[in-house]
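One structure is given below, encoded as structure tokens.
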Amino acid sequence: MILDAVPVIPPELRPMVQLDGGPFATSDLNDLYRRVINRNNRLKRLLDLGAPSIIVNNEKRMLQEAVDALFDNGRRGRPVTGPGNRPLKSLSDMLKGKQGRFRQNLLGKRVDYSGRSVIVAGPTLKFHQCGLPKVMALELFKPFVMKKFGRRGTGSEHQVG
């Protein structure tokens, strides 16, 4: 897989926490993102300066290692560590396992604007498309439809079925 851009998750999911006494502790993801940005900027500078190819190739390798650590720290060997020689938690670490985002925050709880169904191939769908049962679509989009009716002044008199 080749990425032209690296997805950055919202700050709420990688918060800075104030410790006792005033200093701030940053999320491990912030450190991993910073490493990727610094490596990318350094590579750009080397390319602009016309650095020898051996130096550029080494910096490309280091950028790739920084991106790999961001997505799955430790998968390619020795993990990137933070203070206290502790491995930094990567994006995959934040998602997987019992304490991950899905099992900890989403599964087993009610979530607004979501549905559950069986995934099957459809003869009328293209490869990049996904179908949604009409009943489910009506239920999921009911708040948006009601809001539109409300703006037009027809929301209070009519009920959407």
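Here are the numbers for this structure:
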{"quantity": "Condition check for residue 66: surrounded by 10 or more Cβ atoms within 10 Å (Cβ to Cβ) and not in a strand (DSSP E or B)", "calculated": "yes"}
{"quantity": "Residues being of a type outside the set (Lys, Arg), in a helix (DSSP H, G or I) and in contact (Cβ under 8 Å) with a residue 24 or more places away in the chain - total across the range 1-37", "calculated": "7"}
{"quantity": "Yes/no for residue 43 being in a helix (DSSP H, G or I), loosely packed, with under 13 Cβ neighbours inside 10 Å and either out of contact with any strand residue (DSSP E or B) (no Cβ under 6 Å at 6 or more places or on another chain) or hydrophobic (A, V, I, L, M, F, W, C) (or both)", "calculated": "no"}
{"quantity": "Residue count for the range 63-77, restricted to those that are of a type outside the set (A, V, I, L, M, F, W, C) and within 16 Å of residue 31 (Cβ to Cβ)", "calculated": "5"}
{"quantity": "Count - residues of the range 1-59 that are more than 24 Å from residue 83 (Cα to Cα), in contact with a helix residue (DSSP H, G or I) (Cβ under 9 Å, 6 or more places away or on another chain) and at pLDDT below 85", "calculated": "1"}
{"quantity": "Close pairs from the range 68-79: first more than 16 Å from residue 95 (Cα to Cα) and among the polar types (S, T, N, Q), partner in a loop (DSSP other than H, G, I, E, B) and at pLDDT 85 or above, Cβ under 6 Å, at least 6 apart", "calculated": "none"}
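The values are calculated or read from the model by the stated rules, or taken from the named source; none is laboratory data. This is a predicted model, so every value here is computed, not measured. With ideal geometry, Cβ positions are generated from the backbone for all residues, glycine too; neighbour counts draw on all protein chains shown.
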